[in-house]
1. Please compute the length gained on full extension between residue 61 and residue 23, using 0.36 nm multiplied by the number of residues separating them and subtracting their Cα-Cα distance.
2. Test of understanding: what is the full-extension gain from residue 54 to residue 39, defined as 0.36 nm times their sequence separation minus their Cα-Cα distance?
Amino acid sequence: MVADTEHDEHEADTGADVGHDLDAERTTAPMSDYSGRDVGIGVVVMLLGAVVAFGIPLLTIGL
C-alpha cells in the first residue's frame, strides 16, 4: 500500500491531469484577457438582474 504522501509511478494519469496541458503556464479567470464588449455584456446582464430583483417587486407593491 502506498502512503498518501508517496507517489505511485504506475498511477501517473489522475483525474486532475485529464484534459489539461500540464506544460502550459497556469492562469486563472481574473488574469484572463477580456474586451470592452465583454464588460458591456456584463453590465447589461447586471442591469437586467437588478430590474428583475428590485423592479418587479416594487411594481407589485404599487398594485
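Bear in mind these aren't lab numbers, they're just calculated from the coordinates by the rules spelled out. Everything numeric here is computed off the predicted structure, so don't read it as measured data.
1. Gain on extension, residue 61 to residue 23, equals 7.9 nm.
2. 3.2 nm
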